[in-house]
Structures are given as structure tokens and as C-alpha cells.
Amino acid sequence: MNNCIFCKIASGTIPAYKVFEDENYLAFLDIAPVNPGHVLIIPKKHFVDITETPDEIVEGAITLAKKIGGKIIASKLGEGFNIGINTKTAAGQVVNHFHIHVMPRLPNDKYQLWHGKNYAAAEAEKIVEKLKLEE
Ligand code: AMP
Ligand code: ZN
């Protein structure tokens, strides 16, 4: 048994408020929610972050996030929701077991999204070259 807190939740060693479970995934309430109903989706198998998670497992997790988002709206826990995947320490990842946040949003709930910066002259042209993907 490794020392990963989400592996322990997946195996039932430590408790969680579960909203969905199947063979491959678990979804449960975040202990410190942005708003009540903030859900975390994890694969039961341990992957450190999204970059190390097989595509088909990421896809299944995103589909679950969409369903949970629908529930958040239907239940009126949120008028909308954000889906978040923090990846590596610089991006605020604290638990190194791939997970997706589904966060209910309400008007004036004070949760802050990013504040956009501006590109310097000719900077965007250089950046786009670095990011271009092959088809
Ligand atoms: P991240 O910053 O993306 O790694 O987010 C980790 C999230 O896990 C945080 O929002 C924590 O509140 C949440 N968390 C940590 N421990 C637990 C736990 N035992 N049960 C539920 N959520 C947890
Ligand atoms: Zn783990």
C-alpha cells in the first residue's frame, strides 16, 4: 500500500462521501469545497497527474465530470460549474493522484478565476510556434 490519500479513499481505507463508484472510478465530495457539492473524480488506479494517465482513463473521467456537473445544476447546488485539473506543484496540485475537480458556482460566490495578462509585441507569434501540435 502506498501512502497516497486518494488510493486510500479508493480502497476504502479512509472514508469519503461517495457520489459515484464503479470498477474504474470514484467520485466523492472534496473535504474543503469551493462551494457545497464540490466533487473530486479519481481513477481507482494510481497515476500521478494527467500527463501520466492513459487517454482512455482521462476521457472516462471527463465524461463523469460532465455528468456530475449536470447533477450540480439539476439539484441547484450550482447555477454553473467549473471543471479543474491542477497539474504539478506550480499549478497548485497538492495530491499527486490524478483527479478532476467539479466545482458548483453561484452568482457572487467570490471564487476568483484567473486575471488575464497581455502579450508583448511579437510574443504571441513566438509562443504559438512552441505550442503547435502535429495533426
Ligand atoms: P489539488 O490541489 O488539485 O491537488 O486538490 C486536492 C484536493 O483534495 C483539495 O481540494 C482538498 O481539499 C482535497 N482533499 C484532500 N484530502 C481529502 C480527503 N481526505 N477527502 C476529500 N478531499 C480531500
Ligand atoms: Zn494514489
- Answer with one residue from A90, L64, V39: the one whose Cα lies farthest towards the positive end of the charge dipole of the chain, charges on Cβ with Lys, Arg +1 and Asp, Glu -1. V39
- Message: Report the rotationally averaged projected area of the range 1-49 based on its alpha-carbon convex hull, in square nanometres.
- Response: 3.6
- Spatial separation of Cα centroids for the range 1-55 and the range 82-121, in angstrom: 18
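With n ≥ 4 as the cut-off for DSSP H runs, can you work out [θ] at 222 nm for the chain, using -39500 (n - 2.57) per run divided by the number of residues, rounded to the nearest 500?
On the way: 3 runs with 36 residues, N = 135.
So the calculated ellipticity at 222 nm is -8500 deg cm²/dmol.
Give, in nm to one decimal, the length gained when the segment between E23 and E52 is fully stretched (0.36 nm per residue of separation minus the Cα-Cα distance). Working shown, then result.
Numbers: separation 29, 0.36 × 29 = 10.44 nm, distance 1.98 nm.
Additional length available on full extension: 8.5 nm.
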- Item | Mean projected area in nm² (Cα convex hull; one quarter of hull surface) for the chain | 10.6
- Positive-end residue, the chain charge dipole about Cα centroid, Cβ charges, pick of H99, I127, G78: G78
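Taking a quarter of the surface of the convex hull around the Cα atoms of the range 46-116, what do you get in nm²?
Values: hull surface 22.8 nm².
It is 5.7 nm².
What pairs from K66/K132; K18/K88; K66/K117; K18/K71; K18/K110; K8/K44 go past 20 Å between their alpha carbons?
In this structure, K66/K132; K18/K88; K66/K117; K18/K110 lie more than 20 Å apart at Cα.
Bear in mind that the values in this text are calculations on the coordinates, not laboratory data. Predicted model, so just to flag it, every value in this text is computed and none were measured. No Cβ is skipped: glycine too gets one built from the backbone with ideal geometry, and neighbour counts run over all protein chains shown.
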